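First the structure, in the form of structure tokens, and then the observations on it.
The values are calculated or read from the model by the stated rules, or taken from the named source; none is laboratory data. Since the model is a prediction, treat every value here as computed from it, not as a measurement. With ideal geometry, Cβ positions are generated from the backbone for all residues, glycine too; neighbour counts draw on all protein chains shown.
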């Protein structure tokens, strides 16, 4: 998975838009961040629940790890893009988008 592929996947979700946060790109739905991108380190970050984070980190430890500190304790999870395939990245981004999108949007898109 490349940085460009991650960006394209993140922007494929309904109402997703790219902005910038703390000097790096982020991806938002209705103004709320569901993923970020660190192009220099070839890493993405997704907003998961703690259960989702634990599941992905246990299943694919080369692809996923909690973000350091308090953010990681809240479910924010690092995605090692070079080690991640498109299907797995899309699955993680889907979870992050669903965790962040308002219920009214989820109903509109049939989720």
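List of remarks:
- Residue within segment 48-64 that is under 19 Å from residue 21 (Cα atoms), touching a strand residue (DSSP E or B) at 6+ places or on another chain (Cβ under 8 Å), crowded, with 21+ Cβ neighbours inside 10 Å and free of Cβ contacts under 8 Å to residues at least 40 places away in the same chain present: no
- Close pairs (8 angstrom Cβ cut-off, 6 or more residues apart or separate chains): at negative phi and assigned to a helix (DSSP H, G or I) in segment 96-108, surrounded by fewer than 13 Cβ atoms within 10 Å (Cβ to Cβ) and at pLDDT below 95 anywhere: 98/111
- Matching residues, segment 65-82, being out of contact with any strand residue (DSSP E or B) (no Cβ under 7 Å at 6 or more places or on another chain) and touching a residue at least 60 places away in the same chain (Cβ under 8 Å): 82
- For segment 45-95, residues that are under 21 Å from residue 24 (Cβ atoms) and assigned to a loop (DSSP other than H, G, I, E, B) total 8.
- Residue match in segment 84-96 (condition: in contact with a helix residue (DSSP H, G or I) (Cβ under 9 Å, 6 or more places away or on another chain), at pLDDT 95 or above and farther than 25 Å from residue 109 by Cα): yes
- Scanning segment 15-29 for residues that are at pLDDT 95 or above and over 21 Å from residue 88 (Cβ atoms) yields 15, 17, 18, 19, 28.
- Selection count where residues are buried (at least 16 other Cβ atoms within 10 Å of the Cβ), in contact with a helix residue (DSSP H, G or I) (Cβ under 9 Å, 6 or more places away or on another chain) and more than 14 Å from residue 76 (Cα to Cα), scope segment 6-37: 8
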